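J.: This is the structure, below, for whatever I ask next.
The values are calculated or read from the model by the stated rules, or taken from the named source; none is laboratory data. Just so it is clear, the structure is predicted and the values come from calculations on it, not from any experiment. Here the Cβ is made from the backbone with ideal geometry for all residues, glycine too, and neighbour counts use every protein chain on show. Ligands, DNA and RNA are excluded from the accessible area calculation, which covers all protein heavy atoms including side chains. Shrake-Rupley method; radii C 1.70, N 1.55, O 1.52, S 1.80 Å.
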Amino acid sequence: MSTLDKSEVTRLAELLEAAELQARDVTKITDDYPGMDWDDAYAIQEALRGLKEGRGHKIVGLKAGLTSFAKMKQMGVTSPVFGFVADYMARPDGGDIETSQLIHPKVEAEICIVTKAPLKGPGCHVASVMAATDFVVPAVEVIDSRYRDFKFDLKSVIADNTSASRFVIGGRMRDLAELDLRTLGVVLEKNGEVVSMAAGAAVLGHPLAAVAMLANHLGARGQEIPAGTFIMTGGVTEAIAVEKGDSVAVRFQDLGTVSMRFV
Ligand code: OOG
Ligand code: MG
């Protein structure tokens, strides 16, 4: 079901993309469309994806968000959301992130995987994801809600591609069989100080449960996760606000460090 017609969906996707490209916040869209439903929200995200592809960008990964209790509590929501990352969002490990292009960025430490086989829900669980995992790699996501004061509800944030903005893959790739993702420790440092830490189990009890949920979510829509897909499982701790001049380093047990500077 959906409540918005195609032209409204397109207009809202254009509004959110303009906010992103001009680094200007907007009021959350459910203020104007209180009756919009989940299908509308994902339809707007899909229209946004179409706008990106129309500009020649490539979709280079999928993401789950609001998968840890810390994140759900921070944002006042109770269930995960799913989105995509595109090529223009990637920044090199140890590189600079331009704050002038962003509204109110925050960083998140994320355990990520790349798949080696397709995953199709319904019925995916942690073990299905284990069987389809090629390797594990750490990343930092820079989220930047297009909504004023970073305040939103689930439908608004889904339409806004779950605040996706930049991401940095770093550290080293590892075989899943060599790791225990539940006890894998993550320490987030800002300007040399530890500001947040957690273990992988903070994400839905096991980070791969986020991938299973994503596969089941897509399966309900007749889609699958193809082999070779980079997937971010969601921030393990609450997100940390950053500004120009800050440097961030996240130390992942067994996976190395991911770092960046905000300029
Ligand atoms: C929504 C995106 C959350 C994560 O890893 O939890 C997310 C937000 O908090 O703005 O990417
Ligand atoms: Mg995230």
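J.: In this structure, does GLU46 turn out to be more than 13 Å from ligand 1 (Cβ to nearest atom), acidic (Asp, Glu), part of a helix (DSSP H, G or I) and over 22 Å from LEU154 (Cβ atoms)? Can you show your working first?
T.: Values: more than 13 Å from ligand 1 (Cβ to nearest atom): yes; acidic (Asp, Glu): yes; part of a helix (DSSP H, G or I): yes; over 22 Å from LEU154 (Cβ atoms): no.
Judged against the criteria, GLU46 is not a match.
J.: Determine which member of the set LEU181, LEU176 is at pLDDT 95 or above, buried (at least 22 other Cβ atoms within 10 Å of the Cβ) and not hydroxyl-bearing (Ser, Thr, Tyr).
T.: Values: LEU176 fails: buried (at least 22 other Cβ atoms within 10 Å of the Cβ).
Residue meeting the stated conditions: LEU181.
J.: Moving on to the next point. Yes or no: the range 121-133 includes at least one residue that is buried (at least 24 other Cβ atoms within 10 Å of the Cβ), touching a strand residue (DSSP E or B) at 6+ places or on another chain (Cβ under 8 Å), closer than 24 Å to VAL248 by Cβ and not basic (Lys, Arg).
T.: no
J.: Next up: Quick one: is VAL263 more than 13 Å from ligand 1 (Cβ to nearest atom), open to solvent by 20 Å² or more (accessible area, probe 1.4 Å) and closer than 18 Å to VAL140 by Cα?
T.: yes
J.: If ARG91 satisfies all but one of (1) surrounded by fewer than 22 Cβ atoms within 10 Å (Cβ to Cβ); (2) over 19 Å from PHE252 (Cβ atoms), what's the number of the condition it fails?
T.: (2)
J.: Using the structure shown, decide if ASP31 is within 20 Å of the chain's Cα centre (by Cα) and either within 16 Å of ligand 2 (Cβ to nearest atom) or more than 14 Å from ALA164 (Cα to Cα) (or both).
T.: In short, no.
J.: Against the condition open to solvent by less than 50 Å² (accessible area, probe 1.4 Å) and at pLDDT below 95, how does SER79 come out, does it pass?
T.: yes
J.: Among residues belonging to the range 149-170 that are away from ligand 2 (no atom under 15 Å from the Cβ) and touching a Ser or Thr at 6+ places or on another chain (Cβ under 6 Å), point out the one that is least open to solvent (accessible area, probe 1.4 Å). Write out each step before concluding.
T.: First, pick out the residues of the range 149-170 that are away from ligand 2 (no atom under 15 Å from the Cβ): 149, 151, 153, 155-156, 159, 170.
Restricting the remaining residues to those that are touching a Ser or Thr at 6+ places or on another chain (Cβ under 6 Å) gives 153, 155-156.
Working: ASP153: 50, LYS155: 54, SER156: 0 Å².
Across the range 149-170, the extreme among qualifying residues is SER156.
J.: Residue by residue through the range 231-250, note down the ones that are within 16 Å of ligand 2 (Cβ to nearest atom) and either open to solvent by 10 Å² or more (accessible area, probe 1.4 Å) or hydrophobic (A, V, I, L, M, F, W, C) (or both).
T.: Within the range 231-250, ILE231, MET232, VAL236, GLU238, ALA239, ILE240, ALA241, VAL242, VAL248, VAL250 qualify.
J.: Out of all the residues in the range 194-207, is one or more open to solvent by 50 Å² or more (accessible area, probe 1.4 Å) and farther than 25 Å from GLY76 by Cβ?
T.: Yes, some residue in the range 194-207 is open to solvent by 50 Å² or more (accessible area, probe 1.4 Å) and farther than 25 Å from GLY76 by Cβ.
J.: Next question. Residues in the range 4-48 that are open to solvent by less than 80 Å² (accessible area, probe 1.4 Å), touching a residue at least 12 places away in the same chain (Cβ under 8 Å) and either out of contact with any strand residue (DSSP E or B) (no Cβ under 9 Å at 6 or more places or on another chain) or not β-branched (Val, Ile, Thr) (or both): how many?
T.: 28
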